[in-house]
1. Considering only C-alpha atoms, what is the centroid distance from the stretch 45-59 to the stretch 80-141, in Å?
2. Roughly how big is the chain's charge dipole about its Cα centre, with Cβ charges of +1 (Lys, Arg) and -1 (Asp, Glu), in debye to the nearest 20?
3. Who wins for biggest fluctuation among Leu67, Leu36, Leu102 in a Gaussian network model of the chain, springs between alpha carbons below 10 Å?
4. Between Leu111 and Phe42, what is the spin-label point distance in nm, taking each point 7 Å from the Cα along the Cα→C-beta axis?
5. Greater than 27 Å separation of Cα atoms is the criterion. Which listed pairs, Lys57/Lys189; Lys57/Lys115; Lys115/Lys189; Lys79/Lys189; Lys115/Lys164, meet it?
6. Which option, [x] 8, 15, 13, 11, 10, 9, 8, 7, 5, 4, 3, 3, 2, 2, 1, 0; [y] 8, 35, 34, 15, 6, 2, 0; [z] 8, 31, 31, 19, 8, 2, 0, is the value of P(r) over Cα pairs in 10 Å bins from 0, in percent that was calculated from these coordinates?
7. When the helix-only estimate is applied to the chain (DSSP H runs of n ≥ 4, each -39,500 (n - 2.57), divided by the residue count), what is the mean residue ellipticity at 222 nm, nearest 500 deg cm²/dmol?
8. Please give me the summed charge of the neighbours of Gln19: other residues whose Cβ is under 13 Å from its Cβ, Lys and Arg +1, Asp and Glu -1.
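Here, each number is a calculation from the coordinates, and none is a lab measurement. Owing to the predicted nature of the structure, the values given are computational and were not obtained by experimental measurement. Here Cβ is always computed from backbone atoms with ideal geometry, including for glycine, and neighbour counts include all displayed protein chains.
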Amino acid sequence: MSTQELNALLDVKFFELKQSVMDKATHLLSSLELNLKEETGFHRAHIPNGVLDVDSKISKGENYRGLPYLVLDYPRYFKNENIFAFRSMFWWGNYFTFTLHLSGMHLEHYLPKLKTNLNKLELRNTYISIGENPWVHHVDNSHYLTVQEWRNSVDEKAYFENAKYIKLVRKLDINNWDQAAAFGLESYKLFLNTIS
C-alpha cells in the first residue's frame, strides 16, 4: 500500500463530512419532492394515467463513474419501454441534473407538443439526448447537446422519426447548491409546459 493510500485509509474525517453532505443532499431532494408533488397537482390533466400511481423514490449509489450520487425519481413510470419520468440527480463533485425522460407510448403521445414547443427550451440552457444509451446521466457532447447546438447539427425530422427515447436535461453546478431545489422545480415546470 502506498503512503498516500495509507493516509487516505486513516482519514476518517472525510467520511464524516461525506455522510453529512449526503444527508443534506437527501434533505434537499426530499424538499424538492414535496414541491414537485404540489406542482404536479396543477398539471394532473397532462400527466398520463398510471404515472402518479407509482410512489416517488430516492435512490443512493456509490459508483456513477466512480463517484457517489443520489437520485429522486418523481413522477416515475418505468414499465418495459414505456417511460415517463422526471429525474433529479446529485452527482458528487460535478453537478445536479434535472431530466425529463420519455419513451414508448409516452414519447409517442408527447412528441407532437415537444416538436411544436422545443423553441421554449433554446435559451433555457437545456440539453437534449443524442446518444444510444438512455441510462447515461453525465452531460457531455457524445450524449447530449444544448437544444441550440442540436438544432444546428441534427436533422430534426430524422431524429424524431428514429428516436427510441428523448431526454431533456438541465444541469446546475454543484457550487449553486442553495439554488438546486428552486432550479429543479423550475426545470420541471418548464418541461411540463413544453409537452403540454
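1. One Cα centre to the other: 16 Å.
2. Roughly 380 debye, rounded to the nearest 20.
3. Ranking Leu67, Leu36, Leu102 by mean-square fluctuation puts Leu67 first.
4. That separation, rounded to one decimal, is 3.0 nm.
5. Lys57/Lys115
6. [y]
7. Per the formula, -13500 deg cm²/dmol.
8. Value of the local net charge: +1.
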